[in-house]
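Scroll down for the structure; my scribbles are underneath it.
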Amino acid sequence: MNIANWCVLAACLLPTITVGLAKAQSAKMPRDAGRYDNNNPREWAQSLSGWKQRANAAQQNGFEALPLFIAAVVLAQQAHADQTRIDQLAVLFIALRIVYTIAYLMNQGTLRTLIWSGGLATSIAILLMAA
């Protein structure tokens, strides 16, 4: 499996890891004080605030970014584009998603938007390699 394919796997796991931070932190809380409820996870998520709420929002955005990234990698590879370049851009996408998540958790909206734009541009650049 090439690097870009590993990056697809990483991109699929990052959202779950992101919200996992909030779930792990809330596991330390008493049940009546906002502890993660596996029987009602969406209800629990709606009650979040602060960085935990941002972690959940970052998770959602991570899932929203997946279709374009996955399609871009698959289509570029099917078009026999330069695999080394696809790999480099896929690694850049993952790096940007990690930094994006950090910026989101730190409540840095403008920086987060700039990083998100870089991730989008990276996915588009991979996709254009299929042209």
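The values are calculated or read from the model by the stated rules, or taken from the named source; none is laboratory data. A quick note: this is a predicted structure, and the numbers were derived from the prediction, not measured. Note: ideal-geometry Cβ built from the backbone for every residue, glycine included; neighbour counts use all protein chains shown.
A few notes on this one:
- Helices (runs of 4 or more DSSP H) wholly inside the stretch 28-111 containing at least 3 residues that are modelled with pLDDT of 95 or more and among the polar types (S, T, N, Q): 50-78, 83-105
- Only residues that are farther than 25 Å from residue 97 by Cβ and either loosely packed, with under 10 Cβ neighbours inside 10 Å or not hydrophobic (A, V, I, L, M, F, W, C) (or both) were counted across the stretch 18-51, and they come to 13.
- Taking the criterion of being aromatic (Phe, Trp, Tyr) and not in a helix (DSSP H, G or I), no residue of the stretch 112-131 qualifies.
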